[in-house]
Amino acid sequence: MLFDNLLRRKNRKSARYTSGSRMYKIFTLITATLLALSLQGCKEDLFPSDKDNRTETIITTVDFVATTTLDEVIDLDALLAEYDAVVLYYTMWCPLCDTHMSYITSAIMPNYPQTAFLMVDYVSGSVSQSRRSQVENGYQALTVIADSDQSLLDQFHATMATTVVISQDKLVLLNEDFKNGARLIDTLNTLGSQ
Amino acid sequence: MITLRPKSRSKLFDLNLKPIGPFLAATIASAAFTGMFVATPALAASCCGGGSATTLILPKGARHLYDFSIDIESYDGFWNQDGEQVNDPAGSDLSQYRMNFGYAYRFADNWQFSAILPLVKNDNVYPGISAQNTALGDTTLSVWYETFDQITCVWQVNTFADLRPAIYIGSSILLPTGKSAYSDGVDNSFEVTGRGLYRWDANLIVEKTIYPVTLNAQGSYGAYLERPVNQEFDNAVEPYDKKLGDRRYLSASVAYTYFFEDVDALTVSAAIADLREGAGKINGQSDPLTEMKKSSVSLSTTYESEDKSWLLKGSWSHAISKDDWGQSFPITDIFTIGVSYVVR
């Protein structure tokens, strides 16, 4: 009798575990797991901080030699002998890159004739392919570096839209995302290279 | 053989599930734009369901909904800021795959809650570099209010009241659970699966079904919350405040539903959508460089099981590869397949 009651209770309990409740458990488990993982991986976005974590050290870069899409070899030392500063902008020929490059071309470059602006293509893999992308995107007039081996990408720990400003004494005055260009303009203004 | 035949209302009322799909993360030629979501109706219009780009919608009377879908998004160039179509670099193959886990729960007669959590894989191959990364995307939480107490789908219009549409009013919040340019441990744009900012959306759905045809219009307006940024791609920078531009999404669709002999149903729908995002702000100054827009068309189909508990769905969202159909945005095709399970 007791056994029968226990069995009936067990059966009723089992009946409650419909496919719906099993689905609920599975989804709850998956969701909870993913959420827990996400909270670990994106704390900086969920709880953003305005703390300045920069170090005081201003990095000095070493010389580099690069090939342009016109197969010309340029090196940093030679450029800095001719210009007040060198600006590197890293492009992967994407919509945002196009917007930035268009803005640099039209709104920034004309105001800083003593600054060398170089676009760094780190995705095309060859000079010819890089040149083709440059032409298709309508930037024939710009100097584009074919960073086929990603050496410039590695040297400045760069990625898409990274903007680097190097002064004549090879100090890296800026190394960050382009955003709206204001930081680039501010940095160039401090050099007085207008 | 597919035949269209009238059903009793009670059965038809069960058709009103409409999870609208996981919306799309349109990444830049890689992942950098991930999170600029473009709607893909993963389930075509059906009786008195509704949805938006950012949520699931429960049918009237249902208590739970579990949804799983997979998006395959392939890139085919982009529109520049002048609206001109530009090809991706020759030899590139750019894709993003998303597994979307969705859940919706009815907590009152006319109120429901939903959550969508995507798992994102970026797969970017260029002639000179390739990268594959997998991480969570941004999570969407939504609350919806149904302005109607009874199903508004009808077979015939006999009175003026039969013309009343189903109207849903909702609010969503996008949680930055994805990997963004500002997250810890993100080295480059290929790893980005989220935008890094909270966004609040106000949503509206208006839908009317007079069998077998359903008309649906959706709109949402979203505002990103400003946040401080002190690092970019794991590189400490001078802290600044960032806000993306307000977002506007509109879509319209028309659907046709076939009923099988055994009460299964197949719905096919076509939609057109328009997504725009305005100028952002950096330290309070306007940042027009983040403005973008995208127009797309889509086809969707949904098969609904006899007991109305299971739904299989598929959709194809296509951005028109021509000038002036977008601005500063990738041109993509998005294929979605998914399944939903409804508990009543």
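The values are calculated or read from the model by the stated rules, or taken from the named source; none is laboratory data. Remember, it's a predicted structure, so these values are computed and weren't measured experimentally. Here the Cβ positions follow ideal geometry from the backbone for every residue, glycine too, while neighbour counts run over all protein chains shown. All accessible areas refer to the heavy atoms of the entire protein, side chains included, with ligands and DNA or RNA removed. Shrake-Rupley method; radii C 1.70, N 1.55, O 1.52, S 1.80 Å.
On a C-alpha basis, how far is the centre of the stretch B:225-250 from the centre of the stretch B:80-150 in Å? Whole number, if you could?
Here the answer is 19 Å between Cα centres.
Any idea what the dipole of the stretch A:65-191 comes to, in debye rounded to 20, about its Cα centre with Lys/Arg Cβ at +1 and Asp/Glu Cβ at -1? Numbers along the way, then the final one.
Values: 5 positive and 16 negative charges, 67 e Å.
That gives the stretch A:65-191 a dipole magnitude of about 320 debye.
Evaluate E = 1/(1 + (r/R0)^6) for A:A141 and B:S130, where r is the Cβ-Cβ distance and R0 equals 45 Å; express this FRET efficiency to the nearest 0.05. Don't skip to the answer; put the middle values down first.
Numbers: r = 30 Å, r/R0 = 0.66.
The calculated FRET efficiency here is 0.90.
Could you tell me which of B:L56, B:W316, B:T177 has its Cα farthest along the dipole of the stretch B:9-339 towards the positive end, charges placed at Cβ (Lys, Arg +1; Asp, Glu -1), taken about the Cα centre?
Value computed over the given set: B:L56.
So if I take the centroid of the Cα atoms in the stretch B:257-311 and the same for the stretch A:128-194, what is the distance between those two points in Å?
What the calculation gives is 38 Å, centre to centre.
For a label point 7 angstrom out from the Cα of A:T55 toward its Cβ, which stretches of the stretch A:136-165 have the backbone nitrogen within less than 15 Å?
A:157
Using a 1.4 Å probe and counting only protein heavy atoms, how much accessible surface gets buried when A and B come together, both sides summed, in Å² to the nearest 100? Walk me through the numbers on the way to the answer.
Details: alone 12250 and 14270 Å², together 21530 Å².
Buried area between the two chains comes out at roughly 5000 Å².
Can you give the accessible area of B:V86 in Å² (nearest 10), computed on protein heavy atoms with a 1.4 Å probe?
Surface accessible to solvent at B:V86 totals approximately 10 Å².
Keeping every protein chain present and rolling a 1.4 Å probe, give me the accessible area per residue for the stretch A:65-191 in Å².
Numbers: 4400 Å² over 127 residues.
Each residue of the stretch A:65-191 exposes 35 Å² on average to a 1.4 Å probe.
Just read off the accessible area of B:S300 with the full protein assembly in place, 1.4 Å probe, to the nearest 10 Å².
Accessible surface of B:S300 is approximately 10 Å².
How big is the charge dipole of the stretch B:9-339 about its Cα centre, in debye rounded to the nearest 20, if each Lys and Arg gets +1 on its Cβ and each Asp and Glu gets -1 on its Cβ?
Details: 25 positive and 39 negative charges, 179 e Å.
In total the dipole reaches around 860 debye.
Going from most exposed to least, what order do B:Y126, B:Y303, B:Y221 have by accessible area with a 1.4 Å probe? Walk me through the numbers on the way to the answer.
Values: B:Y126 10, B:Y303 75, B:Y221 115 Å².
Ranking B:Y126, B:Y303, B:Y221 by accessible area, largest first, yields B:Y221, B:Y303, B:Y126.
Within 13 Å, Cβ to Cβ, of B:E277, how many net charges do the neighbouring residues add up to if Lys/Arg are +1 and Asp/Glu are -1? Walk me through the numbers on the way to the answer.
Working: positive: B:R195, B:R199, B:K243, B:R247, B:R248, B:R276, B:K281, B:K293, B:K294; negative: B:D201, B:D246, B:D274, B:D287, B:E291.
Net local charge, B:E277 excluded: +4.
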